[in-house]
Structure formats: C-alpha cells, structure tokens
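Working notes, structure below.
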Amino acid sequence: MGSPSPACVAGAQNLILSRMNTRTIIVVAALALSFLTAAPARVIAADAPANQGKKMLYHVVAIKFKPEAKPEQIKAVEMAFGELKTKIPGITSLNWGTNVSPEQKNKGLTHCFVLTFATEKDRDAYLPHPEHNAFGKVLGPIMADVLVIDFWSQE
C-alpha cells in the first residue's frame, strides 16, 4: 500500500477539522501562540524576518504519530519539515518544537510546526509544491493525526 495522495491528506485534514469542537481549536491555537513565544523552540529562520511589524500569515501544523513510529522515523520527519524553509520559496520563517505543556490537553499531538508567509499567494504556492508533497511521503506512513490552522497575525 502506497503513501496517501496530497488530495487524500487534504481531505483527511478537512474531515478532522470539521469534527473538532471549538474548544479543541482554541486549545491548539493557544498552544501554537505559546509555542511562538517559547524560548526553547528551534528556529529555522533569519534573525528578524523582512516583514517584521507587518501582519503575517501563520500556518500551524500539529502532528500525532502512530504508536509504532520509530524514533528515527520521527527524526526524519523533523529534519524533512525543517528543510522545507530552504527548499520552498515564500516561507519567511519556520519554527518547531515538541509539546511541553503541563496541561495534558494535547490529545496526543506531540510536534508543532509553525511557518509564516507574507501573502496567501506564497502559502498557496507552498501547499502543492513538489518538496511539500515529498515531505508528505515521509510523514504519511507514521502520522496518526494532524491539525492544520492558518491565521493572520493580529496586534
């Protein structure tokens, strides 16, 4: 059995989001916002984005791995996701880390990746990009669940 197609993954993401209640979405959004201000987060970006002070489009991806996922497979996902910043134009920053919340409300989502884009056009070019699709082939076999939220920064 092969990896799921990008359309299949996108359909699964939409199904997951449609079944999530508002509280879950708020908790994940709060997690993402707290992640953005956390000191131990791994940063894969320039010291200060060129668009600092302007509204940015945030693309937040929270992942739950299958119980049988091996540590080296998870490490491969971490590395492959982190490398997208250097492979896909339009990503202004990419930060990621693992859940450290003491609240125990992560619903098994252990990894969070936060990308920023200056425009929706940049984000829309990222989604079908061949490098993004190649990353999906690394993630797909060991992914149990995913939550994706995009939002424009507010002051």
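To keep it simple, each residue is scored yes or no on (1) buried (at least 17 other Cβ atoms within 10 Å of the Cβ); (2) not in a helix (DSSP H, G or I).
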{"residue": "ALA80", "(1), (2)": "yes, no"}
{"residue": "PRO89", "(1), (2)": "no, yes"}
{"residue": "ASN95", "(1), (2)": "yes, yes"}
{"residue": "SER101", "(1), (2)": "no, yes"}
{"residue": "GLN104", "(1), (2)": "no, yes"}
{"residue": "LEU109", "(1), (2)": "yes, yes"}
{"residue": "CYS112", "(1), (2)": "yes, yes"}
{"residue": "LEU115", "(1), (2)": "yes, yes"}
{"residue": "LYS121", "(1), (2)": "no, no"}
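Is there a residue in segment 98-107 that is within 19 Å of ILE63 (Cβ to Cβ), modelled with pLDDT under 95 and not hydroxyl-bearing (Ser, Thr, Tyr)?
Yes, because at least one residue in segment 98-107 is within 19 Å of ILE63 (Cβ to Cβ), modelled with pLDDT under 95 and not hydroxyl-bearing (Ser, Thr, Tyr).
Can you pull out every residue in segment 99-155 that is basic (Lys, Arg) and under 21 Å from ALA80 (Cα atoms)? Reasoning before the result, please.
Quick first cut of segment 99-155, residues basic (Lys, Arg) only: 105, 107, 121, 123, 137.
Residues satisfying the conditions are ARG123, LYS137.
Examine segment 26-37 for a residue that is modelled with pLDDT of 95 or more, crowded, with 17+ Cβ neighbours inside 10 Å and under 14 Å from VAL148 (Cα atoms), and state whether such a residue exists.
no
Report whether or not ALA50 is in a loop (DSSP other than H, G, I, E, B), modelled with pLDDT under 95, of a type in the set (A, V, I, L, M, F, W, C) and closer than 24 Å to GLU155 by Cβ.
It is true that ALA50 is in a loop (DSSP other than H, G, I, E, B), modelled with pLDDT under 95, of a type in the set (A, V, I, L, M, F, W, C) and closer than 24 Å to GLU155 by Cβ.
Tally up the residues in segment 123-151 that are assigned to a helix (DSSP H, G or I) and within 13 Å of the chain's Cα centre (by Cα), please.
Residues in segment 123-151 being assigned to a helix (DSSP H, G or I) and within 13 Å of the chain's Cα centre (by Cα): 6 in total.
Identify, from the list THR116, THR98, the residue that is under 12 Å from the mean Cα position of the chain (by Cα) and under 13 Å from LYS64 (Cα atoms).
Step by step, each of THR116, THR98 is checked, and only THR98 is under 12 Å from the mean Cα position of the chain (by Cα) and under 13 Å from LYS64 (Cα atoms).
Are any of the residues in segment 61-74 outside any helix (DSSP H, G or I), under 17 Å from LEU127 (Cβ atoms) and free of Cβ contacts under 8 Å to residues at least 40 places away in the same chain?
no
Would you check if LYS137 is more than 24 Å from LYS55 (Cα to Cα) and out of contact with any strand residue (DSSP E or B) (no Cβ under 6 Å at 6 or more places or on another chain)?
When the stated conditions are applied, LYS137 passes them.
The values are calculated or read from the model by the stated rules, or taken from the named source; none is laboratory data. It should be emphasised that the depicted structure is a prediction, and the values quoted were computed from it without experimental measurement. Heads up, the Cβs are rebuilt from the backbone with ideal geometry, glycines too, and the neighbour counts pull from every protein chain shown.
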